[in-house]
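Undergrad: So that we are looking at the same thing, I have put the structure below in structure tokens.
The values are calculated or read from the model by the stated rules, or taken from the named source; none is laboratory data. Note that this is a predicted model, so its numbers are computed, not measured. Cβ atoms come from the backbone with ideal geometry, glycine included; neighbour counts cover every protein chain shown. Surface areas here come from the heavy atoms of the whole protein model, side chains and all, with no ligands, DNA or RNA. Shrake-Rupley method; radii C 1.70, N 1.55, O 1.52, S 1.80 Å.
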Amino acid sequence: MLVLDGKIASAAVKQEILAQTEVILSSGKRAPHLAAILVGTNGASETYVASKVKNCEEVGFMSTLIRLESDVAESVLLEAIASLNNDPTVDGILVQLPLPKQISEQKVIEAIDPLKDVDGFHPSSAGKLVQGLPTFIPATPYGIMLMLEHFDIPTKGKHAVVIGRSNIVGRPMSILLSSNLKRGNCTVTICHSHTPNLKEVCLSADIIVAALGKPEFVKADMVKEGAVIIDVGITRVEDATAKKGFRIKGDVAYAEVSPKASAITPVPGGVGLMTIAGLLKNTLQAYLTTQQ
Ligand code: NAD
């Protein structure tokens, strides 16, 4: 069984990005620049944004973090986005989700200039993805594709089952795996909370992408011998014995599923790290599109 180690695959992607940044800087140009907006103080969001900023530094990018109070008016957030849209020194913009109740996530997503939409959530980016046009691919599915490439996992003609149909993970993942790409050309089944025979569907899968947000949902009796298992789930489960008072759990029961799998991503240390790699690739792409 091969552990699809996100540390190894993301380090390789980041090394390539750093090399490209060094070429840019040595030609006297400014570095690619990612601006992140964080609303409120949600613990998980704080961790994700801090990690994104730190990773920007590691590959030589500039980053700006804008913090807004949790009770901020929607109009103030939209103004902040407009200002970043108009700033020629900012290449990529991300607004960390989820947002407080008074703010429409859809309005925020649609306010970002599609040329700076490094999260790939804008309807324009999503539409291009569906049509197979060049665009920003949402960072998590993009990171998974990079991981499949890094570990040379064959996908052509395989049956891939994607559990979850969100706009940020499941749906774009299903589109990529079914597309005519080097790591695509799968026959894809997309499952969701109304899928009645999930266990049977999963048992016929060569590749399972679990992105439903239910800790240890995928058990050994749902998995075919030799399947490739991609675990997207990140849930904080309370645990008094843990230092931080919680543990991070994936959507797959790793201990019982891994002996049956031919390859599997760990949580933590798997898809999460690749998501950041995908975001950095998108930021570099945004920079190159407008600066060259
Ligand atoms: P979401 O809540 O938007 O979507 C969950 C999807 O799962 C829905 O489409 C729903 O229909 C489906 N679902 C729920 N219960 C189900 C069930 N019992 N059977 C089948 N399908 C079911 O979640 P999301 O934003 O797509 O995130 C999913 C998980 O991935 C979460 O744990 C999230 O924290 C994690 N995540 C991880 C990364 C990463 O970088 N590793 C990035 C994004 C999200």
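Undergrad: May I ask you to work out the translational diffusion coefficient for the range 117-201 at 10 °C, viscosity 1.306 mPa s, via Stokes-Einstein with Rh from the Kirkwood sum over Cα pairs, reported in whole µm²/s?
TA: 121 µm²/s
Undergrad: Among all the lysines, which ones have a C-alpha under 17 Å from LYS249's C-alpha, if same-chain residues fewer than 8 places away are not counted?
TA: Cross-link targets: LYS214, LYS219.
Undergrad: Please give the per residue accessible area of the range 125-195, computed with a probe of 1.4 Å over protein heavy atoms only, in Å².
TA: 46 Å²
Undergrad: Please work out how much length the chain gains when fully extended from THR289 to THR64, using 0.36 nm per residue of separation minus the C-alpha to C-alpha distance, in nm with one decimal.
TA: Contour length minus the Cα-Cα distance gives 79.0 nm.
Undergrad: Next up: Which ³J(HN,Hα) values in Hz, rounded to whole numbers, follow from the phi angles of the range 60-72 under the Karplus curve 6.51 cos²θ - 1.76 cosθ + 1.60, where θ = phi - 60° and Gly and Pro get x?
TA: With the stated coefficients, the range 60-72 comes to x, 7, 8, 9, 10, 10, 10, 9, 10, 5, 5, 9, 4 Hz.
Undergrad: Among HIS33, SER45, SER83, whose Cα lies farthest out toward the positive end of the dipole of the range 28-115, if unit charges sit on the beta carbon of Lys, Arg (+1) and Asp, Glu (-1)?
TA: HIS33
Undergrad: Can you give the % of DSSP beta bridges in the range 28-115 that are antiparallel, to the nearest 5?
TA: Counting only bridges with both partners in the range 28-115, antiparallel ones make up about 0 percent.
Undergrad: With charges set only on the Cβ (+1 for Lys and Arg, -1 for Asp and Glu), what does the dipole of the chain come to about its Cα centre, in debye to the nearest 20? Don't skip to the end; give the middle numbers.
TA: Values: 28 positive and 29 negative charges, 91 e Å.
Here the chain has a charge dipole of around 440 debye.
Undergrad: Can you tell me, using C-alpha contacts under 8 Å and at least 6 residues apart, the relative contact order of the range 139-272 as a whole percent?
TA: In percent, rounded to a whole number, it is 21.
Undergrad: How large is the accessible surface per residue of the range 28-115, computed with a 1.4 Å probe and reported in Å² as a whole number?
TA: Here the per-residue accessible area is 48 Å².
Undergrad: Using the Kirkwood radius over Cα pairs, work out the Stokes-Einstein diffusion coefficient for the range 170-246 at 37 °C and 0.692 mPa s, in µm²/s as a whole number.
TA: Roughly 233 µm²/s, to the nearest whole number.
Undergrad: Rg and Dmax of the chain, using alpha carbons, in Å: what are they?
TA: 19.0, 58
Undergrad: Another question, if that's okay. May I ask you to derive the relative contact order of the chain, considering only C-alpha pairs under 8 Å and at least 6 residues apart, and to give it as an integer percent?
TA: Across the chain, relative contact order equals 21 percent.
Undergrad: For VAL130 and GLU46, compute 0.36 nm times the residue count separating them, minus their Cα-Cα distance, and round to one decimal in nm.
TA: 27.1 nm
Undergrad: Between SER27 and ALA82, what length comes free when the chain is fully extended (0.36 nm per residue of separation minus the Cα-Cα distance, one decimal in nm)?
TA: Between SER27 and ALA82, full extension yields 16.8 nm more.
Undergrad: Principal axes first, then extents: for the Cα atoms of the range 23-114, list largest minus smallest coordinate on each axis, whole Å, largest first.
TA: For the range 23-114, the Cα spread along each principal axis is 45, 28, 17 Å.
Undergrad: On the protein heavy atoms, probe 1.4 angstrom, tell me the percent of accessible surface of the chain carried by carbon and sulfur. Intermediate results must be reported in sequence, preceding the final value.
TA: Values: 7560 of 13550 Å².
Within the chain, the accessible surface is 56 percent carbon and sulfur.
Undergrad: Quick one: accessible surface of ARG165, probe radius 1.4 Å, all protein chains present, in square angstrom to the nearest 10.
TA: 100 Å²
Undergrad: Excluding ligands and nucleic acids, what accessible area in Å² is computed for THR189 using a 1.4 Å probe, to the nearest 10?
TA: 40 Å²
Undergrad: From the cross-link list LYS158/LYS281; LYS29/LYS116; LYS224/LYS244, which pairs have alpha carbons spaced over 30 Å apart? Spell out each step's value before the answer.
TA: Numbers: LYS158/LYS281 27 Å; LYS29/LYS116 19 Å; LYS224/LYS244 35 Å.
Flagged as over cut-off: LYS224/LYS244.
Undergrad: Separate question: Taking just the C-alpha trace of the range 139-272, give me its Rg and Dmax in Å.
TA: 14.2, 47
Undergrad: What is the P(r) of the range 48-173, as percent of Cα-Cα pairs per 5 Å bin from 0?
TA: The distribution over the range 48-173 is 2, 9, 16, 21, 21, 15, 9, 4, 3, 1, given as percents.
Undergrad: Shifting gears a bit: Could you check the simple spin-label distance between SER204 and PHE246, using points 7 Å along Cα→Cβ, in nm with one decimal?
TA: 3.7 nm
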